[in-house]
Amino acid sequence: MPALIHRTSSTVHVDATTVDLCGEDLVVEFEPHWTGNGLAEADPDGDGARILTGQEIGHIRVSAQLWDGQPPLSDDIDAWQDIAEISAAWRSAFIDFGTTAIDEDPAQRIPLPGPGHYRLRVHGRHRDDGDPRDGRDPLEEYLVQIWPAPPAEDRVIKTSSATAARWSR
């Protein structure tokens, strides 16, 4: 049975409709195509991934979990609008939410067992609940589960948001 190794959560500032997951460079410079799953895409050159959000600019909540193997699908799968898995090659010893993290605390980084290939299962909810948002709108949220795994094809587990449908054509 896979074990949870590390978890963290952070409020992140969204700019240009994406949240960057980056390594030591703290920069993600590739342009995603967004034609696959409308949720997440990995940098084909390694050490970066982007999550596509429903907001162009604003604040969202991102939680991340590092597992030692493929975690089971969440019991609350119905609580998420979109879920997709992507493979990412990582050269760094951590994954960071980049320079957009509001609380620039290194403790928010996800320590990795080392450079290598990883699988990221990204969950998203409240993606269609307004842009811009006010205090009455729900906070957009993401859960990223990470584990060591050889490269594999992207996998869409669930897609029900208009945001994913618009971008994955």
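Restricted to segment 6-56, and to residues there that are buried (at least 23 other Cβ atoms within 10 Å of the Cβ) and more than 24 Å from residue 152 (Cα to Cα), the residue that is modelled with the highest pLDDT is 54. Of the residues making up segment 28-56, those that are in contact with a Ser or Thr (Cβ under 8 Å, 6 or more places away or on another chain) and farther than 16 Å from residue 120 by Cβ are 35, 54, 55, 56. Within segment 57-70, the set of residues being loosely packed, with under 15 Cβ neighbours inside 10 Å, at pLDDT below 90 and either within 14 Å of the chain's Cα centre (by Cα) or not aliphatic (A, V, I, L, M) (or both) comprises 59 only. The residue pairs whose first member lies in segment 140-155 and is modelled with pLDDT of 95 or more, whose second member is assigned to a loop (DSSP other than H, G, I, E, B) and among the polar types (S, T, N, Q), and whose beta carbons are closer than 6 Å, counting only pairs six or more residues apart or on different chains, are 147/70. Scanning segment 116-152 for residues that are surrounded by fewer than 14 Cβ atoms within 10 Å (Cβ to Cβ), of a type outside the set (Lys, Arg) and farther than 26 Å from residue 7 by Cα yields a total of 3.
Please verify whether segment 153-162 includes one or more residues that are surrounded by 14 or more Cβ atoms within 10 Å (Cβ to Cβ) and among the basic types (Lys, Arg). Scanning segment 153-162, I find at least one residue that is surrounded by 14 or more Cβ atoms within 10 Å (Cβ to Cβ) and among the basic types (Lys, Arg), so the answer is yes.
Residue count for segment 13-56 satisfying the condition of being over 18 Å from residue 85 (Cα atoms) and either under 10 Å from the mean Cα position of the chain (by Cα) or hydroxyl-bearing (Ser, Thr, Tyr) (or both): 1. Restricted to segment 14-103, the set of strands (runs of 3 or more DSSP E) holding at least 2 residues that are of a type outside the set (A, V, I, L, M, F, W, C) and closer than 26 Å to residue 162 by Cα comprises 18-22, 48-52, 57-67, 82-90.
The values are calculated or read from the model by the stated rules, or taken from the named source; none is laboratory data. Bear in mind the structure is a predicted one, so any value in this text is a computation, not a measurement. Virtual Cβ from ideal backbone geometry, glycine too; neighbours counted across all protein chains shown.
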